[in-house]
Amino acid sequence: MNFLFLGDIMGRAGRNIVVEKLPEIIKKYQINFVIANGENSAGGYGITEAICEDLFAVGVDVITSGNHIWDQKETMDFIAKEKRLLRPWNYGEGTPGSGFEIYEKNNFKIGVINLMGNVYMKKNTDSVFPFIENKMRQIKLKKDLDFLLVDIHAEITSEKQAMGYFLDGRATLVIGTHTHTPTLDFRILEHGTAYQTDAGMCGDYNSIIGMDSDVALKRFFTQERTERLTPASGEATISGVRVVGDINTGLAKEIEPIIIGGRLTKKFI
Ligand SMILES: [Fe+2]
């Protein structure tokens, strides 16, 4: 079973390249299931129902998110009925939407978990390690589901690596999002879980984490906030990983980065 996980889709440039290239990528790599982090797809801030539909239409099966999930007002309303859009699971009991669902595809039960880290991230979220430790008591590969893919949306590398280590042998893939920078430390951990610290960004890398560089740079000099940060709109790159899941164990057999187009292309493809 072949999975594709795409890093944070950033603004129009990111959306456009995913819409344009995903069908070819699915075909070329014989992908069976696609997950994409979409929390920056609406002008860098959140996601709309229409954008979800555009992404589903080109082959995305599940959209994950993170700290920007509520940036668009409408999201709180439609997330309750749209099970293919996840928000961080550790957002507290009673938050609209869910952070874990099981999807059926090719006769397999595929679980997707969306978590958010605690270090340098939004306050008032449940502490992610005890939270997932507790939840994993009910989620066993090959018993409750065939495959399990986990997006840990977090700022720091150690927290993401710790999550990989913690879930090693219990998930098909643990992958980080949020930093918009592909770490390329892709590997299969000791007990069979595929891992990369950050999937990178689908967007224009001629930018500061996807935002227009001039405005973003000014914010490191002064507290002036007169200009709005807007996503860079040049040629975009698709960044993510392809993972081959073993149908007998639910663990990973292979992981490789998929980086196509724009500024990053020449070095990796
Ligand atoms: Fe984020």
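A few remarks follow.
- Filter result (touching a residue at least 60 places away in the same chain (Cβ under 8 Å) and surrounded by 22 or more Cβ atoms within 10 Å (Cβ to Cβ)) within segment 87-114: Pro88, Ile110, Val112
- Cβ pairs under 8 Å, 6+ apart, first in segment 209-228 and within 20 Å of His180 (Cβ to Cβ), second of a type in the set (Asp, Glu) and open to solvent by less than 100 Å² (accessible area, probe 1.4 Å): Gly210/Asp8; Gly210/Asp204; Val215/Glu227; Lys218/Glu227
- Applying the set (1) closer than 25 Å to Lys143 by Cα; (2) touching a helix residue (DSSP H, G or I) at 6+ places or on another chain (Cβ under 9 Å) to Ile47 leaves exactly one unmet item: (1).
- Of all residues making up segment 26-69, the number that are within 12 Å of the ligand (Cβ to nearest atom), among the hydrophobic types (A, V, I, L, M, F, W, C) and open to solvent by 20 Å² or more (accessible area, probe 1.4 Å): 0
- Scanning segment 163-187 for residues being over 26 Å from Pro130 (Cβ atoms) and among the aliphatic types (A, V, I, L, M) gives a total of 1.
- Among the residues here, Gly117 does not qualify as of a type in the set (Gly, Ala, Ser), within 25 Å of Lys253 (Cβ to Cβ) and surrounded by 19 or more Cβ atoms within 10 Å (Cβ to Cβ).
- Flag if Asp77 is under 13 Å from the mean Cα position of the chain (by Cα), acidic (Asp, Glu) and either at negative phi or within 13 Å of the ligand (Cβ to nearest atom) (or both): no
The values are calculated or read from the model by the stated rules, or taken from the named source; none is laboratory data. Keep in mind it's a predicted model, so treat the numbers as computed, not measured. Note: ideal-geometry Cβ built from the backbone for every residue, glycine included; neighbour counts use all protein chains shown. What goes into the accessible areas is simple: the full protein's heavy atoms, side chains included, and nothing from ligands, DNA or RNA. Shrake-Rupley method; radii C 1.70, N 1.55, O 1.52, S 1.80 Å.
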